[in-house]
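Only one structure is covered here, and it is reproduced in the block below.
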Amino acid sequence: MYILSKTKNLILKTVTIFLLLVVVKSYSQTKELDLIAKQLFVDMNNRDFDAIVEATYPKVFETVSKEQMKVFIKSVFEGNDQMSIEIPKMIPDYKLSKVFKESKDNLEYAFISYDMKMKMTFNGLEFDDEKKKMMTGIMKAKGMNVKFSSNNSMDVLMKDRVTILLRDDLTNNKWKMMNYDPDSPLFYQTTPAVLIEAGKKYKQNLLLESKKDSE
């Protein structure tokens, strides 16, 4: 009886210690990802294009060079002859998902979801009432709410934007990021299939929750 009781206590202690280690590890990983998420927004606010490029999932650079990526990002923030975009410097309220794991390629990933505001100004192009209505409909179909502030500029709210944090053998177990962009062929070329499916499901759940909240 004493031996059984002692064995039972030992098992309970072992299970308790194991669960405690799991909780501590999970908390530590969540804290790490939270810091990484905030740093991504800080780099964007600082217009630190080199840091943004270095934080990008490396498979992207098998298709587009780092320099090409940097030029593209700069054009988004600094504008061009056709259009300029103003993105406010702020850290939005964001949600961080739990960490998901896949045994293939030692893949781990999580999702950051947030609302993103910007102002778009079109150079040498003006919208009349009919074109404003058409543009508003097109943007809304892409998940963006639009309000024109003049005939050539509009305030845009991108709801439930998703950024993916991931690490695998290709990243040498370091966390990298990529934007969930199902309209981009590059996204499909550079993203693991399991992550494309998971991202789609996560995005759909966000849209469903947003729909429920609005009803």
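The numbers here are math on the coordinates, done by the rules we state, and not lab data. What you are looking at is a predicted structure, and each value in this text was computed from that prediction instead of being measured.
A simple rule links phi to the HN-Hα coupling: the Karplus curve 6.51 cos²θ - 1.76 cosθ + 1.60 with θ = phi - 60°, which for the range 198-204 gives 5, x, 4, 5, 5, 5, 4 Hz, with x for Gly and Pro. Under 5 Å between amide hydrogens, built in the peptide plane, is the criterion, and for residue 83 it picks out 123 among residues at least 5 positions away or on other chains. Along the range 39-48 the Karplus relation, 6.51 cos²θ - 1.76 cosθ + 1.60 evaluated at θ = phi - 60°, assigns HN-Hα couplings of 5, 4, 6, 4, 4, 5, 5, 7, 6, 8 Hz to successive residues, with x for each Gly and Pro. Select one label from [x] 42, 21, 16; [y] 31, 24, 12; [z] 27, 23, 14: the one whose number is semi-axes √(5λ) of the Cα gyration tensor in Å as derived from the coordinates shown. So the calculated entry is the one marked [x]. Pairs over the 32 Å Cα-Cα cut-off, from the set 66/131; 104/140; 31/159; 70/133; 59/147: 66/131; 104/140; 70/133; 59/147. For a quick check, take a GNM of the chain with Cα springs below 10 Å and name the residue from 172, 106, 152 with the largest mean-square fluctuation. The residue that fluctuates most here is 172. Using a Gaussian network model of the chain in which every pair of alpha carbons under 10 angstrom is joined by a spring, one finds that among 130, 62, 54 the greatest mean-square fluctuation is at 130.
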